[in-house]
Amino acid sequence: MLRSAHGVMRIYLDHNATTPPAPAVLDLTARVARDTWGNASSVHHFGQQAKALLDEARGQVADLIGGDAAEVVFTAGGTESDNAALRGVAESMEPSGRRHLVTTAIEHEAVLNTVKALARRGWRTTVVPVDSSGIVSAEAVAAAVGEDTALVSVMHANNEIGTMQPLAEIAPIVHARGALLHTDAVQTAGKVPVDVRRLGVDLLSLSAHKFYGPKGVGALWVRRGVRVAPFITGGRQERGRRAGTENVAGIAGMGLAAALAQRHLTTEGPRLTALRDRLEAGVLSAVEGAARNGAADPRVPNTTNISIEGIESESLLIGLDLEGIAVSSGSACSSGTLEPSHVLKAMGLPHARTLGSIRFSLGGSNTGAEVDRVIAVLPALVSKLRALTRR
Ligand code: PLP
């Protein structure tokens, strides 16, 4: 149970949207903001204290993903990291004549809309489709990558359905054609072991608020030797890759959150898998017409996405919220009509099924009792909503 701002106890099952910052992270960011406010570029004591915190956090983030500290560039979050990777590589590759980008239909908007923006600037782009498993096939990526491909961007795990993509299979295909591989690991870092060398990627995006760190802080890991044009130009911060005085408190918080996530990885992963599977099995058997979207495996431990026949997910989301249960819906209301998620649409699911999808994403605060409460509440709520729509 989590206490909301108004003191009400609530069940929070929307950890893929954001996570509550860990108490130790909150303590540290407050302490750093108060005591270590120096500019990390200053040579005096105040600056050097701040710089020491940046160095420590860089090491902690690098450790979480198996990289070197010198390869970590701090950013203002996952969206900025994705932009920096795509725009930075595109700009640095422009003179080489490689003018083609490849991505997948299930990426986050941070990647998809950046690819679209680059297409408007003359880049040729290919969006690789997926089937109903929600897993991109390495063969489909191979068919899309050509001699003029500069960068391929394939997410590590999808934020809506949790499926993990076969990066280790994709990497050699991309590299054989002389292109680079970026992955958006915003939904895997801190949830499952992530090792940049084993995955074979060249760039990897992270976001602190998805693993109990502060919002508005992220990182882009850039393999040593990969050229990325500075995304934000200005001073020499972050080795000239990302200018601007660093958010030392936020970055220190991200570092601690990374260290804590790494420490809990081996216990939290199996615990969340068991809870998620109990929730999924419970909902599928208690609610008639419920079906899981996407493959069961490989998947991040905390996510399940379920469609419920004859239900509009937004109504169910509101009904659950009134019961004190926070989830997210796959469809969003846009100009008075329900817009299905681009991910479920790309998976080729029937329209009605895309409109009735709910994402449950579990995290540190969740317990078996909470999962059982959701399973107990859902059938009556679904019957009520079905009766209302039948009228
Ligand atoms: N990429 C993925 C897969 C995400 O799930 C998110 C956040 O939902 C982002 C990128 C954006 O990260 P941020 O909120 O830190 O900008």
**Asked** Do the conditions hold for V196, that is, is it away from the ligand (no atom under 11 Å from the Cβ) and touching a Ser or Thr at 6+ places or on another chain (Cβ under 7 Å)?
**Response** no
> Regarding T149, is this residue over 17 Å from the mean Cα position of the chain (by Cα), within 26 Å of S96 (Cα to Cα) and of a type in the set (S, T, Y)?
Replying inline: yes
Of the residues in segment 113-126, those that are assigned to a helix (DSSP H, G or I) and in contact with a strand residue (DSSP E or B) (Cβ under 7 Å, 6 or more places away or on another chain) come to V115, L118, A119
Scan segment 57-72 and give yes if some residue there is assigned to a helix (DSSP H, G or I), in contact with a His (Cβ under 8 Å, 6 or more places away or on another chain) and away from the ligand (no atom under 14 Å from the Cβ), otherwise no. no
**Report entry** Boolean, V115 is within 16 Å of the ligand (Cβ to nearest atom), hydrophobic (A, V, I, L, M, F, W, C) and without any contact (Cβ under 8 Å) to a residue 40 or more places away in the chain
**Finding:** yes
Note on segment 23-54: residues in a helix (DSSP H, G or I), exposed (fewer than 14 other Cβ atoms within 10 Å of the Cβ) and in contact with a helix residue (DSSP H, G or I) (Cβ under 8 Å, 6 or more places away or on another chain) are A30
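Going by what's in this entry, would A252 be described as surrounded by fewer than 24 Cβ atoms within 10 Å (Cβ to Cβ), closer than 20 Å to S41 by Cα and among the hydrophobic types (A, V, I, L, M, F, W, C)?
no
Here are some residues: A30, A105, A40. Which one is more than 16 Å from the ligand (Cβ to nearest atom), touching a residue at least 24 places away in the same chain (Cβ under 8 Å), over 16 Å from G240 (Cα atoms) and among the aliphatic types (A, V, I, L, M)?
Being more than 16 Å from the ligand (Cβ to nearest atom), touching a residue at least 24 places away in the same chain (Cβ under 8 Å), over 16 Å from G240 (Cα atoms) and among the aliphatic types (A, V, I, L, M) holds for just one of A30, A105, A40, which is A30.
Restricting attention to segment 1-22, which residues are more than 16 Å from the ligand (Cβ to nearest atom) and not in a loop (DSSP other than H, G, I, E, B)?
Across segment 1-22, the qualifying residues are L2, R3, M9, R10, I11.
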Among residues of segment 209-255 being away from the ligand (no atom under 16 Å from the Cβ) and charged (D, E, K, R), the residue nearest to Y12 (Cα to Cα) is E246
For segment 87-104 the number of residues that are buried (at least 17 other Cβ atoms within 10 Å of the Cβ) and in a loop (DSSP other than H, G, I, E, B) is 2
Cβ pairs under 6 Å, 6+ apart or interchain, first in segment 252-277 and more than 17 Å from I65 (Cβ to Cβ), second hydrophobic (A, V, I, L, M, F, W, C) and at pLDDT below 95, ordered by first then second residue, are none
Requested in this report: Examine segment 118-125 for a residue that is at pLDDT 95 or above and within 16 Å of the ligand (Cβ to nearest atom), and state whether such a residue exists.
Outcome: no
Counting only helices (runs of 4 or more DSSP H) entirely within segment 137-200, those with at least 1 residues that are surrounded by fewer than 24 Cβ atoms within 10 Å (Cβ to Cβ) and in contact with a Pro (Cβ under 8 Å, 6 or more places away or on another chain) are 138-144
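The values are calculated or read from the model by the stated rules, or taken from the named source; none is laboratory data. Since this is a predicted model, take the numbers as computed values, not measurements. For neighbour counting, all protein chains shown are included, and Cβ atoms are generated from backbone atoms with ideal geometry for every residue, glycine included.
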